Amino acid sequence: MRPILTPARPSRERARPPTAARARPDYRGPVQQEPSFPPRPLRDVRAVYARQAGCPADFAEITVDFEPGEPGVAFEVHADLRTRDFLAPEELTAYQQAVALGIREELTALEAAHPVAVAAVLRALGIHEVDSHAGAFRHAGRLAVRRALTLAYGPPPRPKRRRPRLGR
C-alpha cells in the first residue's frame, strides 16, 4: 500500500525569515476610559417614597442634585435647604443622614460595575408629621439614585418576554 501524500501548506513561520518578526506598536488608539456616574450634572432629581400598607405608613420626599466630582461619593446639604413642614433640628439631621446613607448604599452597589465620581447635594425635604421617619428617607435616597441613573443613561433594559408555544 502506498502512503498518502498531502501537499505541505506553507506556514507563516516558514514564509517569513525569523528575524523579520512583525513589530506591534504599543499605542492602539485613544485610551478609552470608562464613563463615570454622573456623565453630566443632573439637577432637581425628585424622589418620593410613599407607602401605605397599614399603620404606620412611610413618607419621604427629597430633591437632590447629582454633579460630577472627585472619585467616590460626596454628600452635601444645600445652605438654603427647603423643608415643606417644620422640623426639629435633631429630626432634620437624622433625615439628612438617612438620605446620605441611602445614596451611598445605592452608589456602592453601582460602583462594582461603573466608576463613581459624584457630589450629591440635598436641596429639599418634604415630610409628613406622622408618617416620616429615617427609614423612609433612606429608601428615598436609593430611589433618587435610580431616578438619576434613568435620567443619565435611559431606562434599564427590560427582559424579553417568553411567548408560550402554540400547539402544545
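The values are calculated or read from the model by the stated rules, or taken from the named source; none is laboratory data. No experiment lies behind these values; they were computed from the predicted model shown. Don't worry about glycine lacking a Cβ; one is built from the backbone with ideal geometry, like all the others, and counts go over all protein chains shown.
Annotations for the structure displayed:
- Being of a type outside the set (Ser, Thr, Tyr), under 16 Å from residue 93 (Cα atoms) and out of contact with any Phe, Trp or Tyr (no Cβ under 7 Å at 6 or more places or on another chain) is true of residue 123.
- For region 76-105, the tally of residues that are in contact with a Lys or Arg (Cβ under 7 Å, 6 or more places away or on another chain) and among the small types (Gly, Ala, Ser) stands at 2.
- For region 144-168, a residue qualifies if it is among the basic types (Lys, Arg) and assigned to a helix (DSSP H, G or I), and the qualifying residues are 146, 147.
- Members of region 60-83 found to be more than 8 Å from residue 118 (Cα to Cα) and surrounded by 12 or more Cβ atoms within 10 Å (Cβ to Cβ), listed by number: 60, 61, 62, 63, 64, 65, 75, 76, 77, 78, 81, 83
- Residue ID - nearest to the chain's Cα centre (by Cα), chosen from residues in region 76-123 that are among the β-branched types (Val, Ile, Thr) and in a helix (DSSP H, G or I): 108
- Count of region 129-168 residues which are surrounded by 16 or more Cβ atoms within 10 Å (Cβ to Cβ) and touching a helix residue (DSSP H, G or I) at 6+ places or on another chain (Cβ under 9 Å): 14
- Residue count for region 42-59, restricted to those that are among the hydrophobic types (A, V, I, L, M, F, W, C), under 17 Å from residue 119 (Cα atoms) and free of Cβ contacts under 8 Å to residues at least 40 places away in the same chain: 0
- Just so you know, in region 69-87 the residues that are among the aliphatic types (A, V, I, L, M) and in contact with a strand residue (DSSP E or B) (Cβ under 9 Å, 6 or more places away or on another chain) include one that is farthest from residue 103 (Cα to Cα), and it is 87.
- Lone unmet requirement of (1) within 25 Å of residue 137 (Cα to Cα); (2) modelled with pLDDT under 90; (3) β-branched (Val, Ile, Thr) for residue 19: (1)
- Among the candidates 93, 108, residue that is without any contact (Cβ under 8 Å) to a residue 12 or more places away in the chain and either closer than 25 Å to residue 70 by Cβ or basic (Lys, Arg) (or both): 93
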